[in-house]
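Single-structure report; data block below.
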Amino acid sequence: MTSSNSQILAFSKMSDGELLKTLAEHKIGLTAGEARKISDILGRDPSLTEAIIWGIQGSEHCSYKSSRDHLKTLPTQAPHVMIGVGEDAGIVEIAETKCKDGKVRKFGLVMAHESHNHPSQVVPYEGAATGVGGIVRDVLCMGAKVVASGDPLRFGDIQRNQTKLIAEGVFDGIAGYGNPIGVPNLAGDTYFSPGFNDNCLVNVVCLGLIADDEIIHSYVPEEAADEGYDIIIVGKPTDNSGMGGASFASLELKEENKEANKGAVQEPNPFLKRHILESTYDLFRLLKEKNELGRVSFKDMGAGGNVCSTVEQVDRWGYGADMDVEKIHVGMEGLHPSVIACSETQERFAWMCHPSLTQLIVDHYNKKWALPDIASNAAASVVGKVTHGNYRLEYKGEFLCDAKAKDLTSGLKYDRPYHAPERTFSEPEFDQPNDLVDVLKKILGSENVASRQPIFERYDKNVQGQSIIEPGQADAGLLAPLRNRTDVDEVTQKIGVALSVDSNPRQAKISPYWSAANAVVESMRNVAAIGATPWAATDCLNYGNPEKPEQMWELVEGIRGIGDALRGIKHKIHQDYPVPIISGNVSLYNESPNGSVDPSGVIGMAGRMENIDKAITMQLKEVGSYLVLLGKRKNELGASEYYHLMGHLGANVPQADFTQAQQEIFTVIDCIDAGFVTACHDISEGGLAIALMEMAFGGNGNGTIGFEVNLDHVAEQTLRADKKLFSETGGFVMEIPAEHKQAAQKIAQNYGVDWIELGKTDKNPVVKFSENSESILSGALADFAHIWLNGLRDKL
């Protein structure tokens, strides 16, 4: 007689109605067609556990079944890529140097990008906290020291109390997890729009540092099946938290399911995570000393829990595994074996290792680092072996799963139809407001422009002692990841890494292509504005339901925009290659019965600096300096803050000229490297006027240097003054001391970049904009700064 543990679901004998009822009863995230395909793949009907596994492994979150072919069009290759797309995180070289032990090593920057959108909408604190935890594990599992994080966030209408509650919960969750584990928050951005009322977006980026002889892969060595590698589960005991989280992330959120969905959100334990981090760093060191890093693999346990973290380590070579689910340490009595197999309990990892290393790893966690004494039932447990056969699970002697690993990880795939929606956009017609001072103040106080200080003041930015530029002080954060490496020289220790995250979802209402493309270009401008060279990118693609052709089109257009922008701007050092995408994430089904989110292709951009001492911020530094514009203003106010203030969306979304953008970026990098620039800021939300104001404010809003600028030559066509001020065409404003103006201008000319002198900084803390020798906008710097500093704080 078959027990409930090995229950067979007779999909092949069910009608569609019976099948859908069965899937709903067991909360399995499959369609009727997918369920039938599983029976075809297996040549039999699946067990309950197999169906649950496929519902998770076959979700968009894990398998990329709708996006896989489109993602292949993105540029991922470059000479400095050490490990590209396909593992838990990507790695790019940032230094090669002779170390003090005489060995020449390449040092890599590890980058990963994830989303935790659905969980954060349902349980904001826990959802955001576990999002940070998951991305930290992804970077750690490459063998890296985790050195920084960033958080692109999207919330609904800020006037709604629910939005405020969700936002506050997310901010506190990021701080409540990131601060205790000792990872500095280096960058982030936050956007509020009604398009996110029912689905917030919580994306997380993480950086790590690693040497080329410290890398651990997230797939087993080719010898693993022949040598019978052991499988070890490490960390918190498995419970029922997060059960079905990956498949939950591939479902439409409905209000009536809110309470039930809370069970799909994991429970964070940052203090246990810190202990596991430190113990794992110690194990890395020990394995390196023994020259054994090539005989292990290591993977984060996130979506799909024990199954996902093990099946994805063996499928690369077509291997399988034999696992005894009963040997997995648990924290609750009476768990169904499918829950033990697939629950997404936090703070867990899966090692696979040569049998000669098994006892060393188990004793390291259980005895040396006393994991069972740190948290109840936490442990390192040996649960199975790598084989040449199928991926097999058993429990109390009964069969639960017996399938090819590759069928589980990639057996479901779609070539979804897509087409553009029928919609038109038009430019609004309205007279220029008489009071431009009032307009500027309202934009400065907007929740999408005002200071983000109320958010990042909660985060620890300086833990580890490597942060050079904190969030809010410049267009990108900056750290010196090699500063604490005592085995390298002082020159190598001064190499810097910049991080920016970007996306303008309002632009995507008009064009998902240009929204994603502009996100790439702006993120490059941001790292360049502190003096860093764009080096490598990640993407997090947050879109709606791929089963709906118009929403699938938005995803395809976003991917196309990202690819075109990356290919359109050469890598400054490796000029035969684009800046590569080295990791990323796809988050689909971000929708509710009220509709999908604003399409959001979020970019994380890493930049490299040869010498952190040359980095600059956005704050004006000297009286009498020249203010120079790169990038003439165009009639590109579609989706702008100005049009939004005036009650319009518009049509003319910014359309970056990739060649021009490249030359402007290279100009800024070279001018900063030469020491000719004292402050720099890119132009984005709010346009030229906001860029200049934020330079005068400085990151803390306490700037005292004013300016006087002239708008006569800023546009390439006839534009009204309000459009010159607030057009969101990309570009830069640089502060250049008089003694460096001629040399800096020559660099711009060599790149074929227009050099537009706006005016000068002033000792009086007053801002003045003029046109045709007449003042059109002026006021005391402090009055504007107060509005900017408190705009978001007052709304929250």
Unique match (being acidic (Asp, Glu), touching a residue at least 24 places away in the same chain (Cβ under 8 Å), surrounded by 22 or more Cβ atoms within 10 Å (Cβ to Cβ) and not assigned by TED's automatic domain parsing to the domain that holds VAL85) among ASP230, ASP239
ASP230
Residue satisfying condition, being in the same structural domain as ILE747 (by TED's automatic domain parsing), in contact (Cβ under 8 Å) with a residue 60 or more places away in the chain and touching a strand residue (DSSP E or B) at 6+ places or on another chain (Cβ under 8 Å), within set LEU630, LEU637, LEU645, LEU649
LEU630
Could you please give the count of residues in region 279-333 that are assigned to a helix (DSSP H, G or I) and free of Cβ contacts under 8 Å to residues at least 40 places away in the same chain?
2
Restricting to region 690-714, give me the number of residues that are surrounded by 20 or more Cβ atoms within 10 Å (Cβ to Cβ) and within 19 Å of ASP754 (Cβ to Cβ).
5
For region 144-180 the number of residues that are out of contact with any strand residue (DSSP E or B) (no Cβ under 6 Å at 6 or more places or on another chain) and outside any helix (DSSP H, G or I) is 4
Odd one out for ILE56, checked against (1) crowded, with 23+ Cβ neighbours inside 10 Å; (2) within 29 Å of ILE276 (Cα to Cα); (3) not assigned by TED's automatic domain parsing to the domain that holds ALA32:
(3)
Take residues that are of a type in the set (S, T, N, Q) and out of contact with any strand residue (DSSP E or B) (no Cβ under 8 Å at 6 or more places or on another chain) and tell me which of the helices (runs of 4 or more DSSP H) falling wholly in region 396-509 contain 1 or more.
405-410, 453-456, 490-493
Could you run through region 770-796 and say how many residues are within 21 Å of LEU758 (Cβ to Cβ), within 39 Å of the chain's Cα centre (by Cα), of a type outside the set (Gly, Ala, Ser) and not in a helix (DSSP H, G or I)?
1
Against the condition crowded, with 23+ Cβ neighbours inside 10 Å, over 26 Å from the mean Cα position of the chain (by Cα), closer than 30 Å to THR718 by Cα and not basic (Lys, Arg), how does TYR626 come out, does it pass?
no
For GLY384, which of the numbered conditions (1) within 32 Å of the chain's Cα centre (by Cα); (2) at pLDDT 95 or above; (3) under 26 Å from ARG295 (Cα atoms) fails to hold?
(1)
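Residues are listed down the side, and each one gets a yes or a no for (1) over 28 Å from the mean Cα position of the chain (by Cα); (2) over 20 Å from VAL146 (Cβ atoms):
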residue: PHE271; (1), (2): no, no
residue: LYS290; (1), (2): yes, yes
residue: THR310; (1), (2): no, yes
residue: TYR319; (1), (2): yes, yes
residue: ASP322; (1), (2): yes, yes
residue: MET332; (1), (2): yes, yes
residue: ILE340; (1), (2): yes, yes
Which condition number in (1) small (Gly, Ala, Ser); (2) modelled with pLDDT of 90 or more; (3) out of contact with any Cys (no Cβ under 9 Å at 6 or more places or on another chain) is the one that GLY305 fails?
(3)
Which residues, counting only those in region 405-414, are over 26 Å from the mean Cα position of the chain (by Cα) and surrounded by fewer than 18 Cβ atoms within 10 Å (Cβ to Cβ)?
LYS406
Is it the case that some residue within region 191-208 is assigned to a helix (DSSP H, G or I), in contact with a strand residue (DSSP E or B) (Cβ under 7 Å, 6 or more places away or on another chain) and at pLDDT 95 or above?
yes
Does GLY706 satisfy the criteria of being of a type in the set (Gly, Ala, Ser) and more than 23 Å from LYS634 (Cβ to Cβ)?
yes
Need the failing condition index for LYS65 against (1) of a type in the set (Lys, Arg); (2) crowded, with 17+ Cβ neighbours inside 10 Å; (3) not in a loop (DSSP other than H, G, I, E, B), just the number.
(3)
Quick test for you: out of ALA350, ALA450, pick the one residue that is closer than 30 Å to PHE784 by Cα, in contact with a helix residue (DSSP H, G or I) (Cβ under 6 Å, 6 or more places away or on another chain) and either of a type in the set (A, V, I, L, M, F, W, C) or at pLDDT below 95 (or both).
ALA450
Would it be correct to say that THR31 is in contact (Cβ under 8 Å) with a residue 40 or more places away in the chain, β-branched (Val, Ile, Thr) and farther than 30 Å from ALA498 by Cβ?
no
Which one of these is crowded, with 19+ Cβ neighbours inside 10 Å, polar (S, T, N, Q) and either within 16 Å of ARG154 (Cα to Cα) or modelled with pLDDT of 95 or more (or both): SER592, SER600?
SER600
Lone qualifier among TRP553, TRP535 - being among the aromatic types (Phe, Trp, Tyr) and either free of Cβ contacts under 8 Å to residues at least 60 places away in the same chain or under 14 Å from SER66 (Cα atoms) (or both):
TRP553
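The values are calculated or read from the model by the stated rules, or taken from the named source; none is laboratory data. Just so it is clear, the model here is predicted, and its values are computed rather than measured. Virtual Cβ from ideal backbone geometry, glycine too; neighbours counted across all protein chains shown.
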